[in-house]
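Worksheet: the structure to be examined is printed underneath.
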Ligand SMILES: Cc1cc2nc3c(=O)[nH]c(=O)nc-3n(C[C@H](O)[C@H](O)[C@H](O)COP(=O)(O)OP(=O)(O)OC[C@H]3O[C@@H](n4cnc5c(N)ncnc54)[C@H](O)[C@@H]3O)c2cc1C
């Protein structure tokens, strides 16, 4: 009997999708549990670079493919497909895409030319530092300081819960160069080998791959050329990075959930109880039907968000919707898959429990469900509920 396959967002990308699905299956899946215990080797980052997945948002003169086959929709396809093999690899896609998008905005060769091509090739790893120990959801309240001293900027403060804190080479650092509120925040490109930078990765289940933790800036001096964009204008850049990345996160979660559903479909067709395959029981098949529908709805919403982004249209509401729905529906689907596998679902022989844990991390990362709902409400109702 034919099995249903979701149709891709655009047939032009079918070959790209098939290549990445093969890479996820053949190259990533077997090692997914390994990076809970061992560091992710840097050579693998070069392999991802060779696939072309880090240059999708950058112009060809910097080595990217934006406007020449690249864009937000193919980035979403990459997130969905690679996450089927290893959910956490989607962090590389997210942070490299954000890094290239932000640093491409710089006029300075020391930022644009030095870092963007290296990130695209996978030779350099980027991080994005907004969150601080005392400030997460209310990001406009950050207190890391940037003070001008001659032709340099001097940065001081702690950034917390930063993905790739332990292993990134360059960081997009948001710091307060002016007065209170969103209008006083500037963006700096900070090479992480500078004097005054130290880091501490925090133990977690994804620690060896994502190296999430704190980056400390102790009077770190960067030249004026490392201020990216307009002084005091960086909050908008942060929010526009969030907007596309929320759909990338949605699709990474969808990929992990779809893979879990596909594996569970095979399991319930094979596993018999009381003389019948589990798949013949409505109590089982209807659960899977519901999750397939929810996951497909989340997928369509995410690609709709990315299509708007590719067309340069506003996509704030859709991004918040997909960031809420994608992780939520995926957590629910993977949870059901674990239970439908019986005792084997919880074991380390299957990737389901690891996927559930990892997807839950991105219910919070990049904005919590409550903040997503408050954005949707603000845009639709005109009321601000989170200030
Ligand atoms: C896996 C992961 C990766 C991350 N990577 C990065 C990164 O690379 N760079 C970076 O800068 N940050 C990163 N973060 C940090 C992340 O962006 C923050 O955790 C997030 O914005 C929430 O902030 P918080 O943890 O301080 O929670 P808080 O802001 O303290 O919120 C705690 C709880 O209160 C709720 N809440 C807060 N305000 C309101 C309100 N007004 N109304 C109702 N409920 C509210 C929230 O929804 C949440 O449930 C990452 C986090 C995770 C989990």
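Values in this text are rule-based calculations from the coordinates and carry no lab data. Keep in mind it's a predicted model, so treat the numbers as computed, not measured. Here the Cβ positions follow ideal geometry from the backbone for every residue, glycine too, while neighbour counts run over all protein chains shown.
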Once you sort the root eigenvalues of the Cα gyration tensor of region 11-125 as a ≥ b ≥ c, which label holds: rounded (a/c under 1.5), prolate (a/b larger than b/c) or oblate (the other case)?
oblate
If you take the square roots of the eigenvalues of the alpha-carbon gyration tensor of the chain and sort them as a ≥ b ≥ c, do you get rounded (a/c under 1.5), prolate (a/b over b/c) or oblate?
prolate
Only Cα pairs under 8 Å and at least 6 apart count here; give the relative contact order of region 127-232 as a rounded whole percent.
32 percent
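Per residue, what volume in Å³ does the Cα convex hull of region 167-241 take up?
In region 167-241, the Cα convex hull volume per residue is 115 Å³.
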Expected 222 nm ellipticity per residue - DSSP helices of 4 or more, -39500 (n - 2.57), all of the chain, to 500
-15500 deg cm²/dmol
Please compute the length gained on full extension between residue 281 and residue 137, using 0.36 nm multiplied by the number of residues separating them and subtracting their Cα-Cα distance.
47.5 nm
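If N is the number of residues in region 299-387, what value comes out of its Cα radius of gyration divided by 2.2 N^0.38 Å?
That ratio works out to 1.32.
Quick one: length gained pulling residue 293 to residue 266 fully straight, 0.36 nm per residue minus the C-alpha distance?
7.9 nm
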GNM flexibility winner over the chain from 168, 198, 260 (Cα, springs under 10 Å):
198
Between 312, 134, 71, which gets the highest mean-square fluctuation from a Gaussian network model of the chain, Cα cutoff 10 Å?
312
In percent, what relative contact order does the chain have, based on Cα pairs under 8 Å that are 6 or more apart in sequence?
15 percent
Paramagnetic reach from residue 34 (point 7 Å along Cα→Cβ, amide N under 16 Å) across region 74-100:
85-89
Based on the mean of other Cβ atoms within 10 Å per residue, sort peptides 229-235, 241-247 so the most packed one is first.
241-247, 229-235
Each label point is 7 Å from the Cα along the Cα-to-Cβ direction; what then is the distance between the points at residue 194 and residue 368, in nm?
3.2 nm
Taking 0.36 nm per residue of separation between residue 224 and residue 311 and subtracting their Cα-Cα distance, the length gained on full extension comes to 28.0 nm
Pairs of Cα atoms under 8 Å, at least six residues apart: use those to get the relative contact order of region 235-381, whole percent.
30 percent
Just to confirm the number: angle between the C-alpha axis of helix 282-310 and the first principal axis of the chain, 0 to 90 degrees, nearest 10?
30 degrees
Using mean Cβ contacts within 10 Å as the protection proxy, how do 183-191, 203-211 order, highest first?
183-191, 203-211
If you build the Cα gyration tensor of region 235-381 and take the root of 5 times each eigenvalue, what three semi-axes come out, in whole angstrom, biggest first?
33, 15, 12
For the pair residue 4 and residue 121, how long in nm is the line joining their label points, each one 7 Å along Cα→Cβ?
4.6 nm
Virtual spin-label span in nm between residue 15 and residue 236, 7 Å along Cα→Cβ:
3.9 nm
What is the distance in Å between the Cα centroid of region 109-159 and that of region 15-31?
32 Å
At R0 = 30 Å the Cβ-Cβ FRET efficiency linking residue 47 and residue 377, nearest 0.05, sits at 0.10
Between residue 348 and residue 26, how high is the FRET efficiency from 1/(1 + (r/R0)^6) when r is the Cβ-Cβ distance and R₀ = 25 Å? Nearest 0.05.
0.75
